[in-house]
Amino acid sequence: MEHSILIDDMLNENWERVRDIYLEGIATGNATFQTEAPLWEDWDRGHIKKCRLVATIGDKVVGWAALSPVSGRPVYSGVAEVSIYVSPSSAGIGVGSILLNALIVQSEQNGFWTLQASIFPENTASIKIHLNNGFREVGRRERIGRRDGIWRDTILLERRSSIAGIN
């Protein structure tokens, strides 16, 4: 079956489907420390407006990606954290890689020089997608946070922009 995956800027009206996909990720237990999706206003406040994308197949949003600032300090203005979620019904067909690649391009167009991702070690598909898109493993953050009373590790990955000249 042929899948035509299109990438577009995320619009406010995409939020309901974006939230549904986020909730699907939360339900896996291996996508985030969060246990519930925020309200639109809170999510909107925490994500960089110029770097938000959705992936669609036909007229259905099947994934999303966005950047969050890692710090409010000006020295870190070009450093952001990646969030990328794909609906389980569309997993394994390249949506995540296409989204991440488009987010990298958009991040560089907006002056970001370092992207980072903090991923549970059990989420091997996400780690692979990041590694295949120019990220490198920086380290393992042991017992960095708890979810449902269980301490969890994360793998910290980063990608340096070649455009910024620090690669």
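The values are calculated or read from the model by the stated rules, or taken from the named source; none is laboratory data. Note that the structure is predicted; figures quoted are calculated from it, not measured. Reconstructed Cβ throughout: ideal geometry from the backbone, glycine too, with neighbour counts over all protein chains shown.
How many of the residues making up segment 21-59 are among the aliphatic types (A, V, I, L, M), under 21 Å from Ala91 (Cα atoms) and free of Cβ contacts under 8 Å to residues at least 12 places away in the same chain?
Number of matching residues: 2.
Report whether or not Ala65 is in contact with a Pro (Cβ under 8 Å, 6 or more places away or on another chain), part of a strand (DSSP E or B) and not charged (D, E, K, R).
In short, no.
Within segment 1-60, which residues are small (Gly, Ala, Ser) and touching a Lys or Arg at 6+ places or on another chain (Cβ under 9 Å)?
Gly29, Ala37 - these are the residues of segment 1-60 that are small (Gly, Ala, Ser) and touching a Lys or Arg at 6+ places or on another chain (Cβ under 9 Å).
Which number in (1) assigned to a loop (DSSP other than H, G, I, E, B); (2) in contact with a strand residue (DSSP E or B) (Cβ under 7 Å, 6 or more places away or on another chain); (3) surrounded by fewer than 19 Cβ atoms within 10 Å (Cβ to Cβ) marks the one condition that Lys49 misses?
Here Lys49 meets the rest and fails (2).
Looking only at segment 115-157, how many residues end up being among the acidic types (Asp, Glu) and at pLDDT below 95?
Residues flagged as among the acidic types (Asp, Glu) and at pLDDT below 95 within segment 115-157 amount to 1.
I'm trying to understand the selection: among the residues of segment 18-35, which are surrounded by fewer than 18 Cβ atoms within 10 Å (Cβ to Cβ) and either of a type in the set (Lys, Arg) or touching a helix residue (DSSP H, G or I) at 6+ places or on another chain (Cβ under 7 Å) (or both)?
Of everything in segment 18-35, those that are surrounded by fewer than 18 Cβ atoms within 10 Å (Cβ to Cβ) and either of a type in the set (Lys, Arg) or touching a helix residue (DSSP H, G or I) at 6+ places or on another chain (Cβ under 7 Å) (or both) turn out to be Arg19, Glu24, Gln34, Thr35.
Of all residues in segment 21-38, which are in a helix (DSSP H, G or I) and within 15 Å of the chain's Cα centre (by Cα)?
Ile21, Tyr22, Leu23, Glu24, Gly25, Ile26
Considering segment 54-84 alone, what residues qualify as being of a type outside the set (Ser, Thr, Tyr), within 24 Å of Leu131 (Cβ to Cβ) and out of contact with any Leu (no Cβ under 6 Å at 6 or more places or on another chain)?
The answer is Val54, Val62, Trp64, Ala66, Leu67, Pro69, Val70, Gly78, Val79, Glu81.
Identify the residue in segment 69-91 that is without any contact (Cβ under 8 Å) to a residue 24 or more places away in the chain and either part of a loop (DSSP other than H, G, I, E, B) or within 13 Å of the chain's Cα centre (by Cα) (or both) and, among all such residues, is farthest from Arg52 (Cα to Cα).
Taking the candidates together, the pick is Arg73.
Does Ser107 fit the bill of being surrounded by fewer than 21 Cβ atoms within 10 Å (Cβ to Cβ) and under 21 Å from Leu6 (Cβ atoms)?
Spelling it out, it is not the case that Ser107 is surrounded by fewer than 21 Cβ atoms within 10 Å (Cβ to Cβ) and under 21 Å from Leu6 (Cβ atoms).
Quickly run through segment 2-20 and pick out the residues that are part of a loop (DSSP other than H, G, I, E, B) and either on the phi > 0 side of the Ramachandran plot or in contact (Cβ under 8 Å) with a residue 60 or more places away in the chain (or both).
Result: His3, single match.
Do you know which of the residues in segment 110-147 that are part of a helix (DSSP H, G or I) and without any contact (Cβ under 8 Å) to a residue 40 or more places away in the chain is surrounded by the most Cβ atoms within 10 Å (Cβ to Cβ)?
Ile127
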